[in-house]
Amino acid sequence: MAKPHIVILGCNFAGLTTARYIHALVKGKANITIIDRKSLLTFVPNIPLQVLANINPAIDLQYKFMSYLEQDGSEFIQAEITAIDANTNTVFYQPNERPGHPVRRISYDYLVIALGNHLAYDAIEGFSEFGHSVTDTFLGNRLRNYLHNEYKGGPIAITSDVFHQGKSDLLPQNLPIALTACEGPPVELAFSLAHWLEKRHKGDAATIYLSTPAKVIAEDAGESILQQLLPMMTKMGYNYQANTLGIKRIYDGGIEFNDGSSREAEISILFPDWQAHSFLKGLPFTDDRGFVITDLYMRNPVYQNIFAVGDAASITVPKIGSLGHMEAEILAHSLAKDLGAIKEEIKPMAFELLCMGDMGGIKGFYMRTNEWWGGKESHLEMGITPYALKMGFKQMYYTLGGKIPHWGLALSEIIADHTII
């Protein structure tokens, strides 16, 4: 009897971690194929550190994962996904290592969608000419070259565009609605960039204009943390603006918002709307924006053999790596139970934000909270330990090939929650 075929679409953080967890649990009970448009994983969270250190982030933040998949016995295909037919269990893909390949097809018994998202910079007027960001190595290097070679000491604006969250009656009830995809990176960059400016005598926190389209920045951090964070940032001298309603356009020397206000800025650093890939929109298992509908076990409620994890999943809000990691474990266990590899009961997704960021000067911040989802946990720590945890996670991820042990996040919580340095 042929083994079930598991096809995993996407091999960045959520996809690689999910693939390795699935293999560890089901072992020889299934064949696994992973498809991604590239054969390198980009360690996006650490791009800002490389930018400020004037190091090309492509040098050591693009990670080769192939050997780990090979050890697992999984097959990898480098290709663009062009279509999914859920009624025939078929994925259509086009190999892209070199141009000219025809579209091919592959059948699945189980499909895992971990394709991330489309970062909608192309929807922001003026971004190509005047905008900056740190979400990939191209943009990282563009900002790095400007900061270290051209920056004149003018104001720096850091902001997010409006995120359009998907809706569906099939989604779990009472999910919170976010107006931004993830505002941990803007907060982190504001801290670390202020330290960079001070160290080079080019400015300080007052040089930075931090804004959000929402009622408050980093709304998913919860009220308790924000009551500590926002007064502290005001005291440090940051310029802060809420309720911008999103970005209208970027121009030479500034940024204009949808609320009619504008900011003078020599550098405008933007975090865009995070949209679903175009081929996912309108499919019978996606929401009205094209994100994959799942229950709290990461399974589509109608197409029971389709799963999603990470940014491509509709319930992943904010679009943050720690949620993707939690979802990867749940998904792998759900699938393993289907295949008879495990028998124990599986706990559903319990949302919790876990964020570690750089503040410059070998200091970092750590947030762990579930207040936004109605919980009572709320932890904010700053110091050397959170920075060490952030850097240590990268090394652990590289060393273990994305298969972080189940106790990895729990240990980070224990250390950061109870260690004060």
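Can you tell me which residue within the range 3-19, out of those that are more than 24 Å from G140 (Cα to Cα) and either of a type in the set (V, I, T) or at pLDDT below 95 (or both), is surrounded by the most Cβ atoms within 10 Å (Cβ to Cβ)?
First, pick out the residues of the range 3-19 that are more than 24 Å from G140 (Cα to Cα): 3-9, 17-19.
After this cut, where a residue has to be either of a type in the set (V, I, T) or at pLDDT below 95 (or both) as well, the list is 3, 6-8, 17-18.
Working: K3: 13, I6: 26, V7: 24, I8: 29, T17: 28, T18: 32.
Step by step, filter the range 3-19, then rank; the result is T18.
Checked against (1) more than 19 Å from the chain's Cα centre (by Cα); (2) open to solvent by 40 Å² or more (accessible area, probe 1.4 Å), A350 meets all criteria but (1). When the range 54-77 is limited to residues that are open to solvent by 50 Å² or more (accessible area, probe 1.4 Å) and modelled with pLDDT of 95 or more, the one that is farthest from G15 (Cα to Cα) turns out to be N54. Would you confirm whether any residue within the range 131-142 is part of a loop (DSSP other than H, G, I, E, B), aliphatic (A, V, I, L, M), within 27 Å of A332 (Cβ to Cβ) and within 27 Å of the chain's Cα centre (by Cα)? Scanning the range 131-142, I find no residue that is part of a loop (DSSP other than H, G, I, E, B), aliphatic (A, V, I, L, M), within 27 Å of A332 (Cβ to Cβ) and within 27 Å of the chain's Cα centre (by Cα), so the answer is no. In the range 220-269, which residue that is polar (S, T, N, Q) and in a strand (DSSP E or B) is most open to solvent (accessible area, probe 1.4 Å)? Out of the qualifying residues, it is S262.
Restricting attention to the range 183-219, the residues that are part of a loop (DSSP other than H, G, I, E, B) and either over 24 Å from the mean Cα position of the chain (by Cα) or not small (G, A, S) (or both) total 11. Number of residues in the range 1-19 that are assigned to a helix (DSSP H, G or I) and either free of Cβ contacts under 8 Å to residues at least 12 places away in the same chain or not aliphatic (A, V, I, L, M) (or both): the value is 4.
Taken together, Y151, Y93 contain a single residue that is open to solvent by less than 70 Å² (accessible area, probe 1.4 Å) and part of a loop (DSSP other than H, G, I, E, B), which is Y151. Any residue that is open to solvent by 40 Å² or more (accessible area, probe 1.4 Å) and closer than 30 Å to S314 by Cβ - is there at least one of those in the range 195-208? No, the conditions are met nowhere in the range 195-208. The set of residues in the range 78-90 that are closer than 18 Å to L40 by Cα and either open to solvent by 80 Å² or more (accessible area, probe 1.4 Å) or touching a residue at least 60 places away in the same chain (Cβ under 8 Å) (or both) comprises E80, I81. Looking across the range 96-108, the residues that are free of Cβ contacts under 8 Å to residues at least 60 places away in the same chain, part of a loop (DSSP other than H, G, I, E, B) and out of contact with any Pro (no Cβ under 6 Å at 6 or more places or on another chain) come down to N96, E97, R98, P99, G100, P102, V103. Hey, G357 hits all of (1) in a loop (DSSP other than H, G, I, E, B); (2) open to solvent by less than 40 Å² (accessible area, probe 1.4 Å); (3) out of contact with any Lys or Arg (no Cβ under 6 Å at 6 or more places or on another chain) but one; which does it fall short on? Unmet for G357, out of (1) in a loop (DSSP other than H, G, I, E, B); (2) open to solvent by less than 40 Å² (accessible area, probe 1.4 Å); (3) out of contact with any Lys or Arg (no Cβ under 6 Å at 6 or more places or on another chain): (1). Just one residue in the set I22, I47, I34 is open to solvent by less than 10 Å² (accessible area, probe 1.4 Å), of a type outside the set (D, E), modelled with pLDDT of 95 or more and assigned to a strand (DSSP E or B); that residue is I34.
The values are calculated or read from the model by the stated rules, or taken from the named source; none is laboratory data. A quick note: this is a predicted structure, and the numbers were derived from the prediction, not measured. We place every Cβ from the backbone using ideal geometry, glycine too, and count neighbours over all the protein chains shown. Heads up: the accessible areas ignore ligands, DNA and RNA and are worked out on the full protein's heavy atoms, side chains in. Shrake-Rupley method; radii C 1.70, N 1.55, O 1.52, S 1.80 Å.
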